[in-house]
Amino acid sequence: MRDLVPLATALADLAGGYAAALAWTDELGQRGAAAFASLGVRGDAAQMLRGKATTVRLLRTDGTVDRVRLAQMVLVLDTLAAVPPAQPAAVRENPLVFTVPRAAQQLVGVAQRLDLLVNDVVARANSTLHIGGPFWNAGGWERLRPVVIPALATRHVPVTFYLHPHESGHLQVVGEMLAEARCHGVVHERWWVGGSPSLMHAKFVVADGSTGYFGSANLTSLGLAEHLEVGVALTAAQAQSLLSLLVALEEERLFSAEQPA
């Protein structure tokens with residue numbers, strides 16, 4: 001049963017503890033893989049759990065549950081729940097990163113540069129990329145292209161762009177960016193359809209559902225190189241929380257795969 005421990009740990013992380021994960025096994029027993037959605041686990045997290053559960057033969061390929069393996073999982077979770085919790089480690093805070101005007105760039109070290117964090121997140125992606133922002137321009141795409149295109153073409157990472165419909169000039173830039181990206185791999189677009197005066201104002205990059213950037217900077221030439229902007233690297237929990245919200249917003253029909261007319 002030792003092979004079930006990584007899955008048990010993943011369930012506990014998402015459920016909020018081993019005792020809570022034990023309660024999830026009832027839902028798994030009744031609904032199989034469909035239980036993840038009813039438990040609020042969606043997107044990359046659901047795919048991760050289903051993959052792990054299939055690998056250890058708790059779930060069959062058709063999504064149904066192997067009752068013997070489920071009983072073993074209950075024993076593993078029950079055992080882990082009885083282990084005294086380790087003393088919590090000191091929380092490590094991710095440092096802030098910045099964009100500053102060129103005249104003040106000497107004030108910001110390499111490790112503090114916002115544009116380098118954005119590029120690093122994209123360059124490390126191996127399974128998924130989610131990139132969002134309300135404003136785009138050709139200069140910003142020039143800065144992103146050297147890391148986005150290899151992710152698509154070399155590592156075959158699907159990229160989802162979260163976009164806001166604006167005036168025609170902005171849409172032309174976005175259209176050209178999406179068209180070029182699609183020449184190299186799988187690209188999805190999600191357009192904000194929340195209606196005026198609502199704006200898809202968040203600026204973010206999330207890689208593999210486990211790391212990311214979030215901040216004030218639009219992914220434009222000025223946002224990445226000239227304005228005063230502040231951002232931070234996302235923890236794994238924060239990255240997953242953001243992706244879960246994006247999935248929920250799409251389910252509420254606030255994002256559309258089709259560009260609004």
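The values are calculated or read from the model by the stated rules, or taken from the named source; none is laboratory data. Nothing here was measured: the structure is a model prediction, and the numbers come from that model. Here the Cβ positions follow ideal geometry from the backbone for every residue, glycine too, while neighbour counts run over all protein chains shown. Protein only, heavy atoms only, side chains kept; ligands, DNA and RNA dropped before computing areas. Shrake-Rupley method; radii C 1.70, N 1.55, O 1.52, S 1.80 Å.
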Completion exercise
The residue from Ala81, Ala104, Ala86, Ala71 that alone is of a type in the set (Gly, Ala, Ser) and in contact (Cβ under 8 Å) with a residue 24 or more places away in the chain is Ala81
Completion exercise
All-but-one check, Trp136 against (1) part of a loop (DSSP other than H, G, I, E, B); (2) in contact with a Gly (Cβ under 6 Å, 6 or more places away or on another chain), failing number (2)
Exercise for the section: State whether the residues of segment 150-169 include one that is open to solvent by less than 40 Å² (accessible area, probe 1.4 Å), touching a Gly at 6+ places or on another chain (Cβ under 8 Å) and among the hydroxyl-bearing types (Ser, Thr, Tyr). Expected result: yes
Exercise for the section: Tell me which residues, restricted to segment 52-66, are out of contact with any Asp or Glu (no Cβ under 6 Å at 6 or more places or on another chain), open to solvent by less than 100 Å² (accessible area, probe 1.4 Å), in a loop (DSSP other than H, G, I, E, B) and of a type in the set (Val, Ile, Thr). Expected result: Thr64
Handout entry: Those residues of segment 67-94 which are of a type in the set (Val, Ile, Thr) and either assigned to a helix (DSSP H, G or I) or open to solvent by less than 100 Å² (accessible area, probe 1.4 Å) (or both), in sequence order
Key = Val68, Val74, Val76, Thr79, Val83
Problem - Test set (1) open to solvent by less than 50 Å² (accessible area, probe 1.4 Å); (2) of a type in the set (A, V, I, L, M); (3) more than 20 Å from Leu245 (Cα to Cα); (4) out of contact with any Gly (no Cβ under 8 Å at 6 or more places or on another chain) - Leu129 fails condition number - result: (3)
Practice task
Could you grab me the full set of residues in segment 1-49 that are polar (S, T, N, Q), within 22 Å of Leu242 (Cα to Cα) and surrounded by 19 or more Cβ atoms within 10 Å (Cβ to Cβ)?
Solution key: none
Practice task
Within segment 95-110, identify whether any single residue is more than 18 Å from Val205 (Cα to Cα), small (Gly, Ala, Ser) and assigned to a loop (DSSP other than H, G, I, E, B), and answer yes or no.
Solution key: yes
Completion exercise
All-but-one check, Asp44 against (1) closer than 30 Å to Asn218 by Cα; (2) part of a loop (DSSP other than H, G, I, E, B), failing number (2)
Problem - Among the candidates Asp62, Asp115, residue that is out of contact with any Cys (no Cβ under 8 Å at 6 or more places or on another chain) and within 30 Å of Thr25 (Cβ to Cβ) - result: Asp62
